[in-house]
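This report refers to the structure that appears directly beneath it.
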């Protein structure tokens, strides 16, 4: 008699075989792609833009750098990076082609086309050579990866020595009362918004649940260090609703 050793992971609050998660996440973002940017504005009351600007402030893009923005979706982070460093270049990678298609429709994409590439790919198996990029960013995407450790390992591999990792992700509020209030908003309001705006409450229910399953700030910082990065630090945004994590490949 053989023992079933199939590995499992979480899809929101649901336990699923690892082999299924990527496909289900792909389904979520395919479903919401056309309304993704609108929903980001509505859900965060526009604050996600402030968070991404804070990311750029800490990152301080420089001309000549090559950026890889993983789970880059519709290009928000890459556009910001290239606006601040007009002589830099960027690659937006996402496993959901429909998200990239939406990004290419944006006016910034046409204006920056000579410095910007769009590639369908997997964060856990990047289609790039070692030591290929100066900066690796991932925003609101790493919590959707099946094996976060593999994604961080790939980030370390493709960065050049002296390269920088920066992760923007929803996190945990250190104040229990504030976390309780935020949970009430997240679970009761966001899926309903998803139904009204995107015609899809289930996908936004998953997204809310995935935030609660993601490691807190200290645990995630430890995972980054274990992937090989040095000088790992984090900054809370909006009391910890989101957090920026930074690390260097030394």
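The values are calculated or read from the model by the stated rules, or taken from the named source; none is laboratory data. Computed from a predicted structure; not experimentally measured. Because the Cβ atoms are built from the backbone with ideal geometry, glycine has one as well, and the counts that use them run over all protein chains shown.
Points to keep in mind about this one:
- Taking the stretch 224-250 as the range and being surrounded by fewer than 19 Cβ atoms within 10 Å (Cβ to Cβ), assigned to a helix (DSSP H, G or I), at negative phi and in contact with a helix residue (DSSP H, G or I) (Cβ under 9 Å, 6 or more places away or on another chain) as the test, only 226 passes.
- The stretch 216-236 - residue that is under 20 Å from the mean Cα position of the chain (by Cα) and free of Cβ contacts under 8 Å to residues at least 24 places away in the same chain and, of those, nearest to residue 41 (Cα to Cα): 234
- Entry remark, the stretch 111-126: residues being assigned to a helix (DSSP H, G or I), out of contact with any strand residue (DSSP E or B) (no Cβ under 7 Å at 6 or more places or on another chain) and surrounded by 13 or more Cβ atoms within 10 Å (Cβ to Cβ) number 1 in total.
- In the set (1) within 20 Å of residue 148 (Cα to Cα); (2) touching a helix residue (DSSP H, G or I) at 6+ places or on another chain (Cβ under 8 Å); (3) at pLDDT 95 or above, residue 96 fails one condition alone, (3).
- Count of residues meeting criterion [under 16 Å from the mean Cα position of the chain (by Cα) and either surrounded by 21 or more Cβ atoms within 10 Å (Cβ to Cβ) or farther than 24 Å from residue 235 by Cβ (or both)] in the stretch 55-79: 15
- Filtering 102, 129, 108 for residues that are in a helix (DSSP H, G or I) and more than 16 Å from residue 30 (Cβ to Cβ) leaves a single hit, 108.
- Residue in the stretch 133-145 that is touching a strand residue (DSSP E or B) at 6+ places or on another chain (Cβ under 8 Å) and without any contact (Cβ under 8 Å) to a residue 40 or more places away in the chain present: no
- Unmet requirement for residue 150, which otherwise passes all of (1) modelled with pLDDT of 95 or more; (2) part of a helix (DSSP H, G or I); (3) over 23 Å from residue 53 (Cβ atoms); (4) touching a helix residue (DSSP H, G or I) at 6+ places or on another chain (Cβ under 7 Å): (4)
- Selection status of residue 190, more than 21 Å from the chain's Cα centre (by Cα), assigned to a helix (DSSP H, G or I), farther than 20 Å from residue 146 by Cα and in contact (Cβ under 8 Å) with a residue 60 or more places away in the chain: no
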